Amino acid sequence: MDFDLTEEQKMIQDTIRKFANEEIAPVASENDKKAQFPRDIFHKLAELGFMGTPIPEEYGGAGFDFISHAIVAEEIGRVDSSLRGTYSVQVSLVELPLNKYGNEEQKKKYLPKLTSGEWIGCYGLTEPNSGSDPASMISTAKEEKDHYVLNGQKTWITNAGLADLAIVYAKTDPEAGARGITAFIVEKDFEGYSTRDLHDKLGLRASNTGEIFLEDCRVPKENVLGEVNKGFKTALGTLDFGRYTVAAGCVGLAQGCIDICKTYAKERIQFGKPIASFQLVQQLIADMVVECEAGRLLVYRAGHMKNKGLRNTRETSIAKYYCSEMANRVAYKAIQVHGGYGFSGEYDVERFYRDARINTLYEGTSQIQQLIIGAFELGIRAFT
């Protein structure tokens, strides 16, 4: 494996970093305080090609490799985890599964609208009583002539209130458990589809989160994504995409904490000298740097395997598990470096600390990642 970025990857990194510094960072704190989604910035990212990074150019994408895809997630996450979450869902949880599991007609119909930013997408898997165990979902889809009729509820859905399209999972064979789930492409204007926003979140406040309600929602048969009753496999494959950009975004959050702490430690004077000269402050920052670098290498390894078309569920879970926990440790230490100021909204580390917490929960909790990794190592599944 070559540890050097290619010239194209460096150019992508420079472009998204400049955009993040000049366009995203200056308004991130205000958007967080107002719980305000930056739709204008979303569209600017799309105009630059950053809302279709790994999607083939024939469907409106940029045709980037997966390392470049991670670089974009990292640089957005370095300044604003809320917007990184929107990016992750739009690209990793909606566009990539459409590209992998969709038929040609579906890809031509939906991908250009998503990659251009004309449409926003969301991913409807989690239910009020079905989180880590998606096979226990109770949403149903009954076949009726040329349609399926969907009934159920999805919750904690990023982009739900903004989305023009949702990939929704429901049971077409309720008696078959995981073998009876099907994925559907549901447009917001379909009869029986509605949403409700969720508020008062600990973090990611500028990211829209909501519930989806399916009440006799009629979905044409041509909007089945993949095969009927094979949706559980589609969901697992999609989570491999989603966990990858969550891990990359965590690396970005950690790097953002490091950058802020380095500046603060050089400016903050105590006992007549910058706290950057204190051994224990240097130890805190050194630990943060080492953890961040380790996480970045894990992400790049998973991306390297994705680029080669190799199975990477194990490596992606390792990256997601380590990086999500790492981001929380680094954000904690960033608060410590800032002392009392870190407890206020005056410095971005307070926002980063709140935003870090969700990463060990969504796209599979840390405990689920441990079970996935354990199953690979031991050859025994903790659950079936």
Notebook entry, point to check: Any chance region 74-88 includes a residue that's out of contact with any Gly (no Cβ under 7 Å at 6 or more places or on another chain), at positive phi and in contact (Cβ under 8 Å) with a residue 12 or more places away in the chain?
Noted result: no
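For (1) outside the structural domain of Gln36 (by TED's automatic domain parsing); (2) free of Cβ contacts under 8 Å to residues at least 40 places away in the same chain; (3) small (Gly, Ala, Ser), each residue gets a yes or a no:
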position: Ser132; (1), (2), (3): yes, no, yes
position: Gln153; (1), (2), (3): yes, no, no
position: Phe190; (1), (2), (3): yes, yes, no
position: Leu204; (1), (2), (3): yes, no, no
position: Arg218; (1), (2), (3): yes, no, no
Item checked: Members of region 82-141 found to be out of contact with any Lys or Arg (no Cβ under 8 Å at 6 or more places or on another chain) and among the charged types (D, E, K, R), listed by number -> Arg84, Glu95, Lys100, Glu104, Glu105, Lys107, Lys108, Lys109, Lys113, Glu118, Asp133
Check: What is the residue count in region 301-315 for residues that are among the polar types (S, T, N, Q) and either free of Cβ contacts under 8 Å to residues at least 40 places away in the same chain or assigned to a helix (DSSP H, G or I) (or both)?
Finding: 2
Next item on the list: Determine if region 344-367 includes at least one residue that is more than 23 Å from Ala206 (Cβ to Cβ) and not in a helix (DSSP H, G or I).
Entry: yes
Check: Could you list, in sequence order, the residues of region 283-315 that are among the hydroxyl-bearing types (Ser, Thr, Tyr) and under 17 Å from Ile71 (Cα atoms)?
Finding: Tyr300
Next item on the list: Might you let me know whether region 256-274 holds any residue that is at positive phi and either without any contact (Cβ under 8 Å) to a residue 60 or more places away in the chain or buried (at least 20 other Cβ atoms within 10 Å of the Cβ) (or both)?
Entry: yes
Notebook entry, point to check: Would you pick out the residues in region 40-50 that are assigned to a helix (DSSP H, G or I) and either under 14 Å from Gly77 (Cα atoms) or touching a residue at least 40 places away in the same chain (Cβ under 8 Å) (or both)?
Noted result: Ile41, Phe42, His43, Leu45, Ala46, Glu47
Next item on the list: Could you check region 97-194 for strands (runs of 3 or more DSSP E) lying wholly inside it with 2 or more residues that are surrounded by fewer than 21 Cβ atoms within 10 Å (Cβ to Cβ)?
Entry: 140-144, 147-158
Margin query: Which pairs turn up if I take residues in region 284-300 that are touching a residue at least 12 places away in the same chain (Cβ under 8 Å) and look for partners that are in a helix (DSSP H, G or I) and small (Gly, Ala, Ser) with beta carbon separation below 6 Å, at least 6 apart in sequence or on another chain?
Written below: Cys292/Ala254; Leu298/Ala319; Val299/Ala70; Val299/Ala247; Val299/Ala248; Val299/Ala319
Check: Given the structure, is Leu253 in contact with a helix residue (DSSP H, G or I) (Cβ under 7 Å, 6 or more places away or on another chain), buried (at least 19 other Cβ atoms within 10 Å of the Cβ) and outside the structural domain of Leu98 (by TED's automatic domain parsing)?
Finding: yes
Item checked: Residue that is out of contact with any Lys or Arg (no Cβ under 9 Å at 6 or more places or on another chain) and surrounded by fewer than 20 Cβ atoms within 10 Å (Cβ to Cβ), where the choices are Phe352, Phe383 -> Phe383
Next item on the list: State yes or no: is Phe376 assigned to a loop (DSSP other than H, G, I, E, B), among the aromatic types (Phe, Trp, Tyr) and either assigned by TED's automatic domain parsing to the domain that holds Val79 or more than 23 Å from the chain's Cα centre (by Cα) (or both)?
Entry: no
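The values are calculated or read from the model by the stated rules, or taken from the named source; none is laboratory data. Because the structure is predicted, anything quoted here is derived from the model rather than measured. Cβ atoms come from the backbone with ideal geometry, glycine included; neighbour counts cover every protein chain shown.
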